[in-house]
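Let me begin by presenting the structure, written as structure tokens, before commenting on it.
Bear in mind these aren't lab numbers, they're just calculated from the coordinates by the rules spelled out. Values in this document were obtained by computation on a predicted structure and should not be read as measured data. Please note: Cβ atoms are built from the backbone with ideal geometry, for glycine as well, and neighbour counts cover all protein chains shown.
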Amino acid sequence: MQGNYLKTAALLGLLSGLIVLAGYYLIGSEQGLYLGLIVAALTSFGSWYYSDKAALMAYRAQPLTRQQAPQLYNLVASLCEKANIPVPTLFVVPTQTPNAFATGRDPNHAAVAVTEGIINLLSEEELAGVIAHELTHVKNRDTLTQAIAGTLAGAITFVGRLATLGTMYGPVTQDNRRQGNPLGILVLIIVAPLSAGLIQMAISRTREFAADLGSAQITQNPLALASALEKLETVGRQIPMNGNPAFSPLLIVNPLTAEGLQSLFRTHPSTEERIRRLKELAQTQSSFNQPLKV
């Protein structure tokens, strides 16, 4: 848990530094530096306080009441009792792509979102495995780190695009030259997309294995999650999921396909590897007696 606090602080620092540098290089004066500092402070606070809302808005998630889904609420409440965390707010995403994610700055301000597709596709045991996976993210406080990483990745990509526009349409000086630092802008254009992918990859991969283990410990049924992942991977490829790619690491299965060199920057471990580990875990019942890692 302490490691996630450090990661979150580091991500906020990177986000602030990026905004300050972008203001300086794109505007090319001390005014840009000061403007960057102000925007960085506001953005860092907003990324922390509103981290859940950004992800929910990205996927057009709608609040789900107990009256609308009493069985789902009872399932989540039962799993939360086993995980010893508060019951999060539930949301539904209006898409037939089967998927789910958790977000929020801490367990007391958490939200879990499921798609219409995952509710229709999975059995109760499989859905319990998925929900328990997301609750482990909440318990481990992965959700804040994930959301800020998504915000940072989106900001990096935006700055890269802004830098590209700045080279073409930016203001000019009296001697008919573009303002700003050309070398700095060039670096932003090249490095921004690569940095966004690397940050999300570094944050996401190990968390998924840990959340899979947490799900098995909560439900005592790793094979149910393995079966769910297999279905999500198969059907998810057939029905694309719309939304901001910057928040795709939040999802239990990444809806973005990654082939060739792109697979090196995959934010999730392969579904096949996750299923293999869960099946191995099912053969070692004593593993479930280990305490959840936080």
**Message:** Run the numbers for Q96 and Q238: contour at 0.36 nm per residue of separation, minus the present Cα-Cα distance, in nm.
**Reply:** 50.1 nm
**Message:** Need the full-extension length gain, A77 to Q220, defined as separation in residues times 0.36 nm minus the C-alpha distance. One decimal, nm.
**Reply:** 49.8 nm
**Message:** What does the extension gain come out to for Q62 and V87, with contour length at 0.36 nm per residue minus their alpha carbon separation?
**Reply:** 7.3 nm
**Fill in**
A correct fewest-to-most ranking of R237, R277, R105 by other Cβ atoms within 10 Å would be R237, R277, R105
**Asked** So how long is each side of segment 101-151 along the principal axes, counting just the alpha-carbon atoms, biggest first, in Å?
**Response** 31, 20, 15
**Asked** Simple spin-label model, 7 Å along Cα-to-Cβ: E124 to K53 in nm?
**Response** 3.7 nm
**Request:** Would you please give the residues with an amide H less than 5 Å from that of L64, counting only those at least 5 places away or on a separate chain, with H modeled from the backbone geometry?
**Result:** L90, F91, V92
